[in-house]
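**Q** Next up is a structure, given as structure tokens.
Rule-based calculations on the coordinates, nothing more; no lab input. This structure is a prediction, so every number in the text was calculated from the model and none was measured. Positions of Cβ are generated from backbone atoms using ideal geometry, with glycine treated the same way; all protein chains shown enter the neighbour counts.
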Amino acid sequence: MKIKQLFETMATNNVFFHVTKKSNLSRIQSIGLVPSKGERTNKLMDQQGIYLFPDIDSVEDALMNWMGDEFDEAEDLVILKVRIQDPSLLTQTTGWEFVYSSTIPPLDIQVFRFE
């Protein structure tokens, strides 16, 4: 998908995907996703926020490559489908990854798939 098409799709539905450890799921379902600087963010010296993918193909590509290397093989992962409320708080970091700088409440989060 081309970048222009990505932004058109996002502008229509504001739906993205987030990957996290399954062990984080109950906390996320309770308080939502909160912008932070986690262990992978600190390691890579990236900005604070919630890291999101625009589509499931980007998630799968990341998990098969660089992102898959960041998790312990024994760790169960979950892919979350999230709806953002304010697209102006979204920053594109690469062609396949975005950072959202506001909390995503539990009502805007659903489990998409376990890995």
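**Q** Give the calculated FRET efficiency between SER101 and PHE71 to the nearest 0.05, with a Förster radius of 30 Å applied to their Cβ-Cβ distance.
**A** Once rounded, the FRET efficiency stands at 0.80.
**Q** FRET efficiency for THR93 and ARG113, Cβ-Cβ distance as r, R0 = 22 Å, nearest 0.05?
**A** 0.45
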